[in-house]
Amino acid sequence: MNEEETKERVQLQFGKNAKNYVTSKLHAKGKDLSKLLQIADVCETDHVLDIATGGGHTANAFAPLCKQVTALDLTNEILTVARNFIEGNGYINTDFVQGDAEKLPFPDETFDLITCRIAAHHFPHVHDFIHESYRTLKKGGTFYLIDNVAPENNELDKFYNHIEKERDYSHHRAFKKSEWIQMVEECGFILEEFYCFSKTFIFDEWCKNMNVSSEKKEALSSLLLYSDQAKRTKFKVTERNQKLYSFTGEAILLKVRKPM
């Protein structure tokens with residue numbers, strides 16, 4: 001599959017499921033968003049960019065804290081629901097821009113602060129995304145990356161990415177923690193803070209967010225329920241009434257700074 005086809009898949013998948021990402025509990029709340037706001041170096045004069053804004057939860061959280069927010073997403077339907085959500089909360093200092101995270105449509109050193117939350121696993125060329133974030137960030141500015149990550153063990157990494165891909169064909173790759181650190185440092189960022197969060201996925205909700213068919217849902221359930229003990233233990237697979245109820249993954253928050 002070429003790059004254009006991959007991004008068309010992302011637009012199709014998120015276009016038809018846009019509203020689910022405003023109401024999703026994992027996206028609307030979560031320890032990662034709270035921690036992001038706690039550690040963010042943001043002031044009232046800042047211009048913030050939120051890459052792949054999705055339902056707009058991160059942009060919405062920063063809107064009352066800064067001068068201007070630019071919410072960027074590849075998918076028009078997503079931008080529409082994000083605009084309705086943010087402006088419905090009374091914030092009028094947010095611009096909504098359709099654009100590609102790997103080819104940001106902004107001049108060099110435009111933003112004081114850049115965020116990207118629970119989205120990068122959809123990007124086919126994540127190195128380009130990191131370099132574009134670096135390019136458009138002002139010197140001394142901070143970049144905050146939150147995303148689901150795969151285990152460091154290669155077999156568990158392969159299994160986790162497989163089930164994510166089976167649920168959502170627009171999933172590209174969840175990287176390992178070590179890979180993220182290597183990529184941001186190779187780009188030139190200085191790593192300042194690093195946090196890990198466990199994420200419990202309620203299976204029915206996890207499938208509903210992407211309108212998974214009943215046949216695919218049954219197949220995913222079997223993959224998790226009948227996996228070997230190492231996988232069931234690592235992902236904390238739980239059952240209720242002899243049916244798959246939940247499993248647990250992991251996410252990271254990186255705070256990195258562009259040198260002066």
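Derivation of every value follows stated rules applied to the coordinates shown; laboratory data play no part. This is a predicted model, so every value here is computed, not measured. Cβ placement follows ideal geometry from the backbone for every residue including glycine, while neighbour counts extend to all protein chains displayed.
Sites counted here are GluC sites (Glu not before Pro) in a DSSP loop (not H, G, I, E or B) having no more than 16 other Cβ atoms within 10 Å; the longest part of the chain that contains none of them is 153-260. Annotation: amide H of A150 within the under-5 Å range of F175, K176, K177, sequence separation 5 or more or interchain, hydrogens built in the peptide plane.
Taking label positions 7 Å along the Cα-Cβ direction at both K208 and Q182, the computed distance is 3.9 nm, reported to one decimal. A simple spin-label model places pseudo-atoms 7 Å from Cα toward Cβ; at L223 and E192 they are separated by 3.8 nm. The dipole here belongs to region 215-260: it is taken about the Cα centre, uses +1 on the Cβ of Lys and Arg and -1 on the Cβ of Asp and Glu, and is about 360 debye. Taking only the alpha carbons of region 42-115, we obtain Rg and Dmax values of 11.2, 31 Å in that order.
Report the net charge of residues surrounding L137, where surrounding means a beta-carbon distance below 11 angstrom and charges are Lys +1, Arg +1, Asp -1, Glu -1. Summing Lys and Arg as +1 and Asp and Glu as -1 gives +1. For region 137-260, the alpha-carbon coordinates run over 56, 29, 20 Å along the three principal axes, in decreasing order.
Mind checking which of L37, L113, L74 has the largest fluctuation in a GNM of the chain, springs on alpha carbons under 10 Å? Maximum fluctuation in the GNM of the chain, among the listed residues, is at L37.
Dipole size of the chain about its Cα centre, with +1 on Lys/Arg Cβ and -1 on Asp/Glu Cβ: approximately 920 debye, rounded to the nearest 20.
Checking the Cα-Cα distances for K35/K176; K103/K258; K176/K258; K208/K236; K138/K158 against a 26 Å cut-off, the pairs over it are K138/K158.
Across region 54-192, Cα-Cα pairs farther apart than 22 Å form 42% of the total. The alpha-carbon atoms of region 118-203, seen along their principal axes, cover 42, 24, 23 angstrom, with the largest extent given first. Across region 49-59, rounded Karplus estimates of 3J(HN,Hα) from the backbone phi angles (6.51 cos²θ - 1.76 cosθ + 1.60, θ = phi - 60°) give 10, 10, 7, 6, 5, x, x, x, 5, 6, 4 Hz, Gly and Pro being marked x. Where Rh is the Kirkwood radius over the Cα pairs of the chain, the temperature 4 °C and the viscosity 1.567 mPa s, what D in µm²/s does Stokes-Einstein return? Reported coefficient: 69 µm²/s.
Phi angles of region 74-90 translate, via the Karplus equation with coefficients 6.51, -1.76, 1.60 and θ = phi - 60°, into HN-Hα couplings of 6, 10, 4, 4, 5, 4, 5, 6, 5, 4, 4, 5, 6, 5, x, 8, x Hz per residue; Gly and Pro are given as x. Of the beta bridges DSSP finds with both residues in the chain, what % are antiparallel, to the nearest 5? Close to 55 percent.
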